[in-house]
Amino acid sequence: MRATVIQFEATSHKARNIEAVRGLVAAAIAQDRADLVSLPEMWSCLGGDRAAKREAAEPLPTPGTPPGPAYAFMAEIARAHGIIVHGGSIAELAGETLFNTSLVFGSDGAELVRYRKIHLFDITTPSGAGYRESSLFGAGKDVAVVSTVHARLGLSICYDLRFPELFLALRRQGAEVILIPSAFTAETGRDHWEVLLRARAIETQCWVIAAATTGQHNDAAGNRRSTWGHSMIVDPWGTVRASLGDAPGFATADIDLAQVTRVRDAMPVLQHRRLA
């Protein structure tokens, strides 16, 4: 399986973001012929005030109901290119509640699985900048792993990266590849992003695919926020196989699932666990 991570500078303008991602995906498919394409966290609307976020949010379709623009776009590119599309995450509107939700589409454009972000980003960075994701979004509860024609995929989103117990649960449910779409802050990303991605890959003995936003956007109060970028793909030994800097673009790696088996057979850490 060939996997591609898409990295771009998301804004609060959904239509503009969709067209930017459309161009990057088309270029990546033409150049690298990926079997799976992964988008970043909140790629359809990053930043903006509360009203903008709610306007950009989409109810996820149920039988007989039409999809929203971001959902329809992801299904369309999956079907058009005959690939698996991991849709990073978008804002899901469920009644009056918003969720930060990740979706995977099969090569026929059908939705395979959805995952609501469990761990919400309520922190203060060393510089004093505050983030309160829970002021707008609800927290998910369920772990999500799905079988595709290429691999068993485990889902997570951004801040989830700091909670190894989620990744242990994904491994126990059979994940071979773990997807971590992100809008990691530049301040924390500088010190923690690569370290944590490689640690999660080593601990779970899974491939890790981490597509990220980059550049700047305005938050609800009009403050300029910077995201780290540096999307990457890491193998089960913790080796970075593909990566980007801080510019928009894409990167591709061949995902060798036989390496998952080799690493797990040589070092059966799941069998050796004693405390969890």
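Worth pointing out:
- Ranking of 246, 256 by neighbouring Cβ atoms within 10 Å, starting from the fewest: 256, 246.
- Magnitude of the charge dipole for region 2-272, about its Cα centre and with charges confined to Cβ atoms of Lys, Arg (+1) and Asp, Glu (-1), is about 120 debye.
- Full extension of the chain segment joining residue 274 with residue 31 gains 82.9 nm, where the gain is 0.36 nm per residue of separation less the Cα-Cα distance.
- Footprinting exposure proxy ranking of 131, 159, 115, fewest other C-beta atoms within 10 angstrom first, gives 131, 159, 115.
- One equal scatterer on each Cα of region 1-50, no solvent, Debye formula: the resulting log10 I(q)/I(0) at q = 0.15, 0.19, 0.27, 0.30 Å⁻¹ is -0.41, -0.60, -0.98, -1.11.
- Couplings 3J(HN,Hα) of region 152-167, computed from phi: 8, 9, x, 10, 8, 9, 6, 4, 3, 3, 7, 10, x, 5, 5, 6 Hz, in residue order, whole Hz [Karplus 6.51 cos²θ - 1.76 cosθ + 1.60, θ = phi - 60°; x for Gly and Pro].
- Sorted by Cβ density within 10 Å, fewest first, the residues 117, 141: 141, 117
- When the charge dipole of region 2-272 is built from unit charges on Cβ atoms (+1 for Lys and Arg, -1 for Asp and Glu) and taken about the Cα centre, the candidate among 195, 258, 169 whose Cα reaches farthest toward its positive end is 169.
- Full-stretch length increase - residue 139, residue 265 - with 0.36 nm per residue and alpha-carbon distance subtracted: 41.8 nm
- Counting only DSSP H runs of at least 4 residues, each contributing -39500 (n - 2.57), and dividing by the residue count of the chain, the helix-based mean residue ellipticity at 222 nm comes to -9000 deg cm²/dmol.
- Length released on extending from residue 54 to residue 223, taking residue separation times 0.36 nm less the Cα-Cα span: 59.0 nm
- Annotation for region 14-77: trypsin sites (Lys or Arg not before Pro) lying in DSSP loop with at most 16 further Cβ atoms inside 10 Å of their Cβ are 33.
- Taking only Cα atoms of region 2-272, radius of gyration then Dmax in Å: 17.2, 52
Taken together, the values in this text are just the output of simple stated rules run on the coordinates, not laboratory data. Note that the coordinates shown come from a computational prediction; the quantities given were computed from them, not determined experimentally. Methodologically, a virtual Cβ is constructed for each residue, glycine included, from the backbone with ideal geometry; neighbour enumeration extends over all protein chains shown.
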